[in-house]
Amino acid sequence: MKLDLSLSYFKNLLNFWKNTSYVLIILLLTPIAMLFLYSFQNNFETWLHLFNTKLSLYFFNTFFLMLGVGSFSLVIGISCAWIVTKYKFFLSNYIEWALLLPAAIPAYIVAYSYTDFLEYGGIVQTMLRDIFNWQSSKEYYFPDIRSIIGAIFILSFALYPYIYFITKVAFRSTPKSLFDVAKIHGKSGFIYVALPMARPAIIAGLSLVLMETISDFGTVEFLAVETITLGIFNLWLGMNNFSAASQLSILAFTFIVVLLGIELSARKNQKFNDPRVSSFENKFDEINLRQNIILLSICLIPIIFGFVIPVLILLNLSLQSLNQDNFYTFLEISINSISISFFGAFLIIVFSFIIVVAVKYHGGKKFAFLSTLAGSGYAFPGVILALGTTFFLSLVQDSINSLFYTYNINWNLTIIGTFTALLYTYICRFNAIGIGYINSGIQRVSPNLLEAGRLQGVSFEKSLFKIIFPLIRPSILTGFLIVFVDIFKELPVTLLLRPFNFETLATYIYQYAKEEMLEQCAVAALLIIIIGIIPVIVLNKTINLSYKKQ
């Protein structure tokens, strides 16, 4: 009888987790559904105006930007991944993780730094005019950083770590026996073995780079490169046309769906089996002094341009603008950033935990598909997702206020422009990270542990928090940390939905950089970089531990 009661309780509790997950998934998908709903409105005149003016420019710039950033990121990421995997050279142990450092700097901060450094009044051009006694820009040619070429340069050095990291893992996981076969037949191990075996990983990394390129707002807006994302922003806030903005969002969504399809297809085809899988570790090729210098120089280029130069620029500006009077303002803004990032990450981890547990212990293929679909918000640019949540929350807000008015209740509910709207959008955008990390941890836990507890009459809830939770705690903490940093750096969502007079470090930097006053926010930019280095260290330690376990 006791066992029957425990089984009944176990079943009811599972239904609770599953039903709660359904509600969460619906809430996560609603902003995306609202975009499609609003896109059915008639905006013929607006689109006619766009066709005659900016639409072709939006698509050309977006396509050219994706092509340029994708190509340069591939060259940098693959070449550096192969070098650190295949060769032992000066400082290679340090270079290997230092190549991830550009991922710690948001692309918009890199753009602010280089613009201040390279434009007409910057250090470089001023020094050139002094050296060659040039009086004006008409006497010499210097590339304009505020251009699509400048955007490609900045985004490539900021995003290549996506390709570098996953490609390095793929190279190190390739069976050594395949390289031995290629060597016997006189073929290049890189061209005939490494690249084909790493192709799915490379395509997956490239897909992430292209999605980040489409999603970018801060860089293209500052460099005046009109892309689809910037067009959505202009339609929404410039022309106050929600429905036309949602229609352009759907077009951007088609780009993203294609990229996601390519990534999923690449992962599906990543299949090989070899019982003697071994890594390159401690099996490096011998190289001479000249080759050492060349390889070190190649790997230093992305580190210098993607991390060292922007950081040095910001350090120099910080020393010039240190002001004790602004200390309390800066402290308040820092606390705002930390607080909103902490609460956002906490809520995301809690909701992700509920969804993953429901899928794992009371799921099916359809439920698993829905949970995966719930994470699709991460693939949407922040501007698009902010637009979708605004649609939905405006509808909720108006409906509740109408109900209050019907019953003569004198209470005007406000959701838009509150922390509720901001946190809700963060959850919709970044829950995929929480789900991914928690799911990776829970998949390694044997289902027999929970079954054993159930047979002994232990409740599902107690078994979950006493047995399962401690085992997946590292995955939960890692997911929390990654989400925290992503929210900490997030610009468009925070800029569009933040409450009145609420500043974060990202919006604080944006406000000053837009007015060409980067020195006033250089300290804030450095703090974002310092926080951004944390997941780089975590990822590096995680991958090193996985190598040691092999």
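The values are calculated or read from the model by the stated rules, or taken from the named source; none is laboratory data. Quantities reported herein were computed from a predicted structural model and do not represent experimental measurements. No Cβ is skipped: glycine too gets one built from the backbone with ideal geometry, and neighbour counts run over all protein chains shown.
Remarks
- Residue in the stretch 342-358 that is without any contact (Cβ under 8 Å) to a residue 24 or more places away in the chain and either closer than 30 Å to PHE157 by Cβ or not assigned by TED's automatic domain parsing to the domain that holds THR219 (or both) present: yes
- Selection status of SER156, of a type in the set (Gly, Ala, Ser), within 30 Å of ALA107 (Cβ to Cβ), crowded, with 16+ Cβ neighbours inside 10 Å and out of contact with any helix residue (DSSP H, G or I) (no Cβ under 7 Å at 6 or more places or on another chain): no
- Summed over the stretch 159-197, the residues that are surrounded by 15 or more Cβ atoms within 10 Å (Cβ to Cβ) and among the small types (Gly, Ala, Ser) give a count of 5.
- Some residue of the stretch 97-110 being over 15 Å from ILE303 (Cα atoms), buried (at least 19 other Cβ atoms within 10 Å of the Cβ) and either assigned by TED's automatic domain parsing to the domain that holds GLU226 or free of Cβ contacts under 8 Å to residues at least 40 places away in the same chain (or both): yes
So that you can scan it fast, the table gives a plain yes or no per residue for (1) at pLDDT below 85; (2) among the aromatic types (Phe, Trp, Tyr):
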{"residue": "ASN52", "(1), (2)": "yes, no"}
{"residue": "LEU57", "(1), (2)": "no, no"}
{"residue": "PHE72", "(1), (2)": "no, yes"}
{"residue": "TRP82", "(1), (2)": "no, yes"}
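- Residue tally, condition part of a helix (DSSP H, G or I) and either under 11 Å from GLY388 (Cα atoms) or among the charged types (D, E, K, R) (or both), over the stretch 33-55: 7
- Cβ-Cβ distances below 9 Å connect the following pairs, each with a first residue in the stretch 128-142 that is assigned by TED's automatic domain parsing to the domain that holds LEU118, a second residue that is among the aliphatic types (A, V, I, L, M) and not in a loop (DSSP other than H, G, I, E, B), and a separation of six or more residues or different chains: TRP134/LEU128; TYR140/LEU128; PHE142/LEU118; PHE142/VAL124; PHE142/LEU128.
- Among the residues of the stretch 122-131, not a single one is in a helix (DSSP H, G or I), modelled with pLDDT under 90 and under 24 Å from the mean Cα position of the chain (by Cα).
- Qualifying residue in the stretch 166-180 (condition: at negative phi, modelled with pLDDT of 85 or more and in a helix (DSSP H, G or I)): yes
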